[in-house]
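Comments concern the structure below.
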Amino acid sequence: MIPDKYEVTRLSSQMKKCYDGTIKYTDYFVDEVISRVQQTGKTAAVIYFSDHGEEILEGTVHMGKNPTYGVFSVPMFIWFSKGYQQQMRKKFL
């Protein structure tokens, strides 16, 4: 989410609301997926990654003509169930 302390002059209020909304929904969605996987009680992993990054504070978007490093820096999140962590502990240490 874009903190209110940033004065983002190139972004419209509507664009900021839209961006913040997508972040909130993505957080909700990933939480729902993890919760449902946890409820199965199975050994599992959840991997989330975006198809592109974003530099919203720079006033650029992923479809722009001059993409920046932030657009190519793709966010990723990995969650492991406790069973997965226990089974794979030696492989990750």
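The values are calculated or read from the model by the stated rules, or taken from the named source; none is laboratory data. These numbers come from a predicted model, not from an experiment. Here the Cβ positions follow ideal geometry from the backbone for every residue, glycine too, while neighbour counts run over all protein chains shown. Note: areas computed on protein heavy atoms with side chains; ligands, DNA, RNA excluded. Shrake-Rupley method; radii C 1.70, N 1.55, O 1.52, S 1.80 Å.
So which residues in region 12-56 are under 18 Å from the mean Cα position of the chain (by Cα), open to solvent by 70 Å² or more (accessible area, probe 1.4 Å) and more than 24 Å from Pro67 (Cα to Cα)?
Lys24, Tyr25, Asp27, Tyr28, Phe29, Asp31, Ile47
May I ask you to list pairs of residues, at least six apart or on different chains, whose Cβ atoms are under 8 Å apart, with the first in region 76-93 being β-branched (Val, Ile, Thr) and the second being in a strand (DSSP E or B) and open to solvent by less than 70 Å² (accessible area, probe 1.4 Å)?
Hits for this filter: Ile78/Ala45; Ile78/Val46.
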